[in-house]
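Asks: Would you mind keeping the following structure in view while I ask a few things?
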Amino acid sequence: MILEAIQYTSTLPVTPKPFRPHIRSSVNLWARAGRCAKDWASHEAQCQTFIRETVSGMKERRTAVVLGSGLLRDVPVEFLSRAFDTVVLVDLVHLASVRLWLSAKRIRNVTLISRDLSGYDDVLAGRETEPLGFLRQVPWLDLVISANILSQIGVGAARRLEASEAADAADVVPKLVAAHLDGLAGLPCKTVLLTDTRYRVSDRSGAVLEDSDLMGGKTTPAAARSWPWTVAPFGEESRDYQIVHDVIAHAR
Ligand SMILES: C[S@@+](CC[C@H](N)C(=O)[O-])C[C@H]1O[C@@H](n2cnc3c(N)ncnc32)[C@H](O)[C@@H]1O
């Protein structure tokens, strides 16, 4: 609790004002990642391996952008920093501990940007949305990695809509998921998509209590690799059930 309070208060001044409401959920993610480190390790390693393997086949390595960089757990940032001239990390929030770690490691060619990558405001206003359109302004772009952010765009939007009742999540989430997938597919560079697509809640006997899609019904590109990710092991949300997500990795 004390460490979480320190994370929160030290992240506050380094986060642009419009993004400060998101600090709490980044701190919660950080705390959960610490508690579940053992159960998340295989997922994180597989994400990192997929990124390394994709980069190893690339000749041009000027700028790489990571969408949903967050805690830098599933992103091999030291490797990317060595492989590329410039690395741009984009997320709603980068915690003070992440910033401290980057400077302790003397990783100097990495830029951190706070940005809402969802397109939520456009969709709610009934406008066409192109949340990845800003990537057209990034010079020498050779790689874009969507790092386990896509499902969270939908989850975040559903949470906001639950509180505001401004629209039905069933109408909004598919549009946000499609905008992200179309945005990635339209980029004139190498792209990596890492995302959880479904989750299952099961009890200790193995009985499935809930099985839900995280992609708003949209089809994701064919997986080059897939694996389970125990997001909430027994004891995390309840001693009686666990939550396991299906993850896919795709490169184009
Ligand atoms: C499961 S975490 C990804 C973890 C991260 N790739 C890592 O290596 O630790 C999802 C990330 O997506 C970010 N996120 C969720 N919604 C977002 C949005 N609308 N715009 C930008 N980032 C968002 C969260 O802040 C969080 O860091």
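Asks: Cross-link partners among lysines for Lys175, C-alpha distance below 23 Å, same-chain residues fewer than 8 apart left out?
Replies: Filter leaves Lys218.
Asks: While we're on this one: At 1.4 Å probe radius, can you tell me the per residue accessible area of the chain in Å²?
Replies: Details: 12740 Å² over 252 residues.
Heavy-atom accessible area per residue stands at 51 Å².
Asks: Quickly estimate the mean residue ellipticity at 222 nm for the chain, helices only: each DSSP H run with n ≥ 4 gives -39500 (n - 2.57), and the total goes over all residues, rounded to 500. Kindly include the intermediate steps, with their values, before the conclusion.
Replies: Values: 8 runs with 96 residues, N = 252.
It lands at -12000 deg cm²/dmol.
Asks: While we're on this one: Given points 7 Å out from each Cα along the Cα-Cβ axis, report the Arg225 to Glu78 separation in nanometres with one decimal.
Replies: It works out to 1.9 nm between the two label points.
Asks: Separate question: Does segment 212-252 come out rounded, prolate or oblate, given a ≥ b ≥ c as the square roots of the eigenvalues of its C-alpha gyration tensor, rounded meaning a/c under 1.5 and, failing that, prolate meaning a/b above b/c?
Replies: Numbers: a/c = 4.69, a/b = 2.09, b/c = 2.25.
It is oblate, given that a/c is not under 1.5 and a/b is not larger than b/c.
Asks: In percent, how large is the relative contact order of the chain, given Cα pairs closer than 8 Å and 6 or more residues apart?
Replies: Working: 426 pairs, mean separation 45.1, N = 252.
Reported relative contact order: 18 percent.
Asks: Now a separate question. Taking the dipole about the Cα centre of the chain, with the C-beta of Lys and Arg at +1 and of Asp and Glu at -1, give me whichever of Gly68, Ile243, Ala157 is farthest to the positive side.
Replies: Farthest along the dipole direction, towards plus: Gly68.
Asks: ³J(HN,Hα) across segment 12-27 via Karplus (A = 6.51, B = -1.76, C = 1.60, θ = phi - 60°), whole Hz, x for Gly/Pro?
Replies: Coupling constants for segment 12-27: 3, x, 9, 10, x, 3, x, 9, 4, x, 8, 4, 3, 6, 5, 5 Hz.
Asks: Can you grab the distance from the C-alpha centre of segment 167-236 to the C-alpha centre of segment 1-79, Å, no decimals?
Replies: 18
Asks: I would also like to ask the following. Probe radius 1.4 Å, ligands and nucleic acids ignored: give me the carbon and sulfur share of the accessible area of segment 2-251 as a rounded percent.
Replies: Roughly 51 percent of what the probe reaches on segment 2-251 is carbon or sulfur.
Asks: How would you order 61-74, 20-33 from highest to lowest mean count of nearby Cβ atoms within 10 Å?
Replies: Details: 61-74: 22.9, 20-33: 16.4.
The most tightly packed comes first, giving 61-74, 20-33.
Asks: How big is D for the chain, in µm² s⁻¹ as a whole number, if Stokes-Einstein is applied with the Kirkwood radius of its Cα pairs at 20 °C and 1.002 mPa s?
Replies: Values: Rh = 18.9 Å.
Rounded to a whole number, D works out at 113 µm²/s.
Asks: Would you please classify the overall shape of segment 1-102 from the alpha carbon gyration tensor, given that a ≥ b ≥ c denote the square roots of the eigenvalues, rounded means a/c under 1.5, and beyond that prolate means a/b larger than b/c while oblate covers the rest? Spell out each step's value before the answer.
Replies: Details: a/c = 2.73, a/b = 1.52, b/c = 1.80.
Judged from the Cα gyration tensor, segment 1-102 comes out oblate (a/c at least 1.5, b/c at or above a/b).
The values are calculated or read from the model by the stated rules, or taken from the named source; none is laboratory data. Computed from a prediction, not measured in an experiment: that's the story for all the values here. Positions of Cβ are generated from backbone atoms using ideal geometry, with glycine treated the same way; all protein chains shown enter the neighbour counts. Ligands, DNA and RNA are stripped out before the accessible areas are found, and what is left, the full protein with its side chains, is counted by its heavy atoms. Shrake-Rupley method; radii C 1.70, N 1.55, O 1.52, S 1.80 Å.
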